[in-house]
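Just so you know, all these numbers are worked out from the coordinates, no wet-lab data involved. Just so it is clear, the structure is predicted and the values come from calculations on it, not from any experiment. All Cβ positions, even for glycine, are placed from backbone atoms using ideal geometry, and neighbour counts span all protein chains on display.
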Amino acid sequence: MNIYNDPSELVIRFDYEALDRQQRNIVEQRTREIRERLQYSAQAIWEIGQKLADVRSQLKHGQFEAWLKAEFDWSRRTAYNFINVYEAFNERANLAQIDIATSALYLLAAPSTSQEIREEFLKRAKEGETITHKKLSQVIKEEKLKSSGAIEKLEQPESKEVSIETTDRQIITIIPKEIVEERKSQANENPVERVSVASVGISPDRIQQGWYLLDGQHLIFCGDTASREFIDCIPLSALAIAIAAEDWDHDWLVERAKRIVIFPESDFEPQKFEQLIEMFSIFGDIVVFPWLPKPEMLAIAHKLRRIIIAGDVNLDLCRQAIAHSGLMVEKLVNSPKMP
């Protein structure tokens with residue numbers, strides 16, 4: 001990214017010279033088309049999302065964010081509002097002539113919104129009902145309360161001195177001893193349905209984009225964990241630990257994990273990380289890491305006999321974490337399925 005100084009203002013420009021001719025032509029064309037569609041109708045938002053997804057596929061890690069900032073002064077979260085609309089609705093025509101607030105459309109397309117609610121409100125909008133963010137968010141909230149059930153929330157034990165960011169989905173429960181013993185006996189069983197393996201015993205430095213199986217049980221995605229390719233493979237998990245970037249675009253975790261722990265990378269300590277896993281999960285539980293900023297993460301969770309589903313858009317971080325784990329690596333041909 002190049003920065004040019006002007007006497008009156010600081011101008012940021014995207015470095016198109018770093019791209020080859022084909023990539024540059026595509027990205028410059030999509031930039032013009034996005035600007036033309038910034039009228040924010042439902043169909044225009046879908047079109048912008050389509051073109052943003054196209055640009056994302058052309059650029060390397062870090063380039064997409066630089067392009068967003070330089071051309072539109074947008075964050076990743078803003079871009080994913082558009083991309084989610086494109087990915088949630090198969091066809092642009094589905095959004096023709098519907099009366100829905102922009103904020104409601106983004107919420108409807110969010111990965112954390114169930115497909116049932118999405119279809120219901122799209123049908124109501126097509127029938128002429130005005131869909132507002134307030135109306136939609138109330139229904140989503142009621143669904144969350146219904147799905148969580150009447151489970152009593154217990155206070156975090158005072159003896160555990162860790163920093164936890166809670167959500168209304170976080171439930172801390174007392175687990176009976178017999179369940180713990182049952183989980184121990186099941187910990188060595190693979191919860192992942194059999195998937196097609198392309199190659200076995202891959203060297204970490206040869207890992208590319210896509211899904212990998214570690215030690216026959218852990219799933220690692222080298223790619224964008226805010227994409228549906230990753231999100232759709234996440235079952236309801238016991239715990240998610242997000243060592244978060246400043247720009248948070250993983251709201252879907254609220255629907256996929258019973259407990260969520262969020263803290264900045266600067267606060268990471270291996271011992272604290274291990275304590276968090278032991279506090280909020282037990283043997284055989286599934287834990288999710290949407291980022292892998294520290295190479296020790298996979299090794300620690302494996303040592304504690306948890307089932308890991310993790311990933312990172314940064315290929316180097318994936319390679320480092322996999323190499324540090326020392327586990328056998330298998331390349332998956334297709335996206336995994338959970339029973």
Exercise. Of PHE89, PHE289, how do they rank once you tally other Cβ atoms within 10 Å and put the fewest first?
Worked result: PHE89, PHE289
Exercise. Among LYS69/LYS294; LYS141/LYS258; LYS272/LYS303; LYS60/LYS331, which pairs are too far apart, with a Cα-Cα distance over 23 Å?
Worked result: LYS69/LYS294
For this session: Along Cα→Cβ, 7 Å out, is where each label goes; now give me the distance between the ones at ARG305 and VAL139 in nm to one decimal.
Result: 4.5 nm
Problem set entry | Spin-label model distance (nm) - ASP73 vs GLN22, 7 Å beyond Cα toward Cβ | 3.5 nm
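Express in nm, to one decimal, how much length is gained between GLU127 and GLN29 on full extension, taking 0.36 nm for each residue of separation and deducting their alpha carbon distance.
Details: separation 98, 0.36 × 98 = 35.28 nm, distance 3.58 nm.
Difference between extended and current length: 31.7 nm.
Please find the FRET efficiency linking SER103 to GLU274, where r is the Cβ-Cβ separation and R0 is fixed at 35 Å, and quote it to the nearest 0.05.
On the way: r = 40 Å, r/R0 = 1.14.
For R0 = 35 Å, the calculated efficiency reads 0.30.
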